[in-house]
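Okay, structure first, notes after.
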Amino acid sequence: MHSSSPVRPGEAEVASLEALQQLRSSGRIRAISIDLDDTLWPIWPTIARAEAVLLDWLSEHAQSTAAYLGDTDRVRALRHEINALRPDLAGDPASLRRESIRLALTRAGEDQTLAEPAFEVFMAERQRVQLYDDALPALEFLARRWPVVALSNGNADVQIIGIGRHFQAALSATGFGLAKPDVRFFHAAAEAVGVEPQHVLHIGDDAELDAKGAMDAGMHAVWLNRGQLAWPCVGTEPHVTVASLWQLCQGLADR
């Protein structure tokens, strides 16, 4: 995967498949951990829709707050503002979102207790994700061969989404109190499926949080690079880079 010579079209894919086949045949992979947002579904269309639904609810139940926010750009700006105001909630997206709603209600002079039902409306829509075409086949493929654990910095619920049957465990930053790339979070994923970190293959779209984080934790790492981007991090590149989950499954298929 590391070569100074020009890479011909298809060469990188062949190298990735060979690396995956070697891992598969070595017996070193005894479990899978996998990211959720932007790995199994695109997150920003989901968030944008949930923020729009939140605004609609506020327009009915807290009109001054809805007017204060105005549009989804302002909703998102306030969500970013709360990051700086509440560093104690770093790594807890659910609480950050809830508190951003509470802050909007406060600034608009409305009842802060509306933050909880407003947040529930947001969260219900946030769980309505549109899976990538290769996500469900990949989960079915992986779960037939290894125990699979979800490892996410987001607050998606695999049971509510309807894919929980494919997972032996699901860890979120909100529920666990840690977030990637903290190695303790990766180690907790390994522990949840009863294997040592060096026997886990982690799959995720974020170069730093997923691929580099997994390698730092002693895991094997697959960087899901759908956009065909250059490796952005300093240091060692991931063990394997794939452009799709289809490609991942092709490389891990039984021989």
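The values are calculated or read from the model by the stated rules, or taken from the named source; none is laboratory data. Owing to the predicted nature of the structure, the values given are computational and were not obtained by experimental measurement. Heads up, the Cβs are rebuilt from the backbone with ideal geometry, glycines too, and the neighbour counts pull from every protein chain shown. The area values use the complete protein model at the heavy-atom level, side chains included, leaving out ligands, DNA and RNA. Shrake-Rupley method; radii C 1.70, N 1.55, O 1.52, S 1.80 Å.
The largest-to-smallest principal axis extents of the Cα set in the range 14-56 are 53, 23, 6 Å. Panel values: the range 140-211, Kirkwood radius from alpha carbon pairs, Stokes-Einstein at 25 °C and 0.890 mPa s, translational diffusion coefficient 196 µm²/s.
Report summary: the helix-based calculation at 222 nm, which adds -39500 (n - 2.57) for every DSSP H run with n ≥ 4 and divides by the residues of the chain, gives -14500 deg cm²/dmol. Scalar couplings 3J(HN,Hα) for the range 121-127, obtained by applying the Karplus form with A = 6.51, B = -1.76, C = 1.60 to θ = phi - 60°, are 5, 4, 5, 4, 6, 4, 7 Hz; x denotes Gly and Pro. Between Val53 and Glu18, the contour length at 0.36 nm per residue exceeds the Cα-Cα span by 8.1 nm. Ordered from longest to shortest, the equivalent ellipsoid semi-axes for the range 80-139 are 29, 15, 8 Å, each the square root of 5 times a Cα gyration tensor eigenvalue.
Using a 1.4 Å probe on the protein chains only, how many percent of the accessible area of the chain belongs to carbon and sulfur?
Values: 6100 of 12010 Å².
Within the chain, the accessible surface is 51 percent carbon and sulfur.
In this rough spin-label picture, where each label sits 7 Å from Cα along the Cβ direction, the Arg226-Ala143 distance is 2.0 nm.
Using a 1.4 angstrom probe, figure out how much accessible area the chain has per residue, in square angstrom, rounded to the nearest whole. Each step should come with its number before you reach the end.
Values: 12010 Å² over 255 residues.
The answer is 47 Å² per residue.
Taken along its principal axes, the alpha carbon cloud of the chain reaches lengths of 63, 40, 31 Å, longest axis first. Helix 72-85 and the long axis of the chain differ in direction by around 80°, with both axes built from C-alpha atoms. Work out the P(r) tail for the range 136-255: percent of alpha carbon pairs separated by more than 24 Å, whole number. Value for the range 136-255 (Cα pairs over 24 Å): 22 percent. In the assembled protein chains, His80 presents an accessible area of approximately 110 Å² (probe radius 1.4 Å).
Accessible area, 1.4 Å probe, largest first: how do Asp92, Asp56 sort? Please list the in-between numbers first.
Numbers: Asp92 30, Asp56 105 Å².
I get Asp56, Asp92, largest accessible area first.
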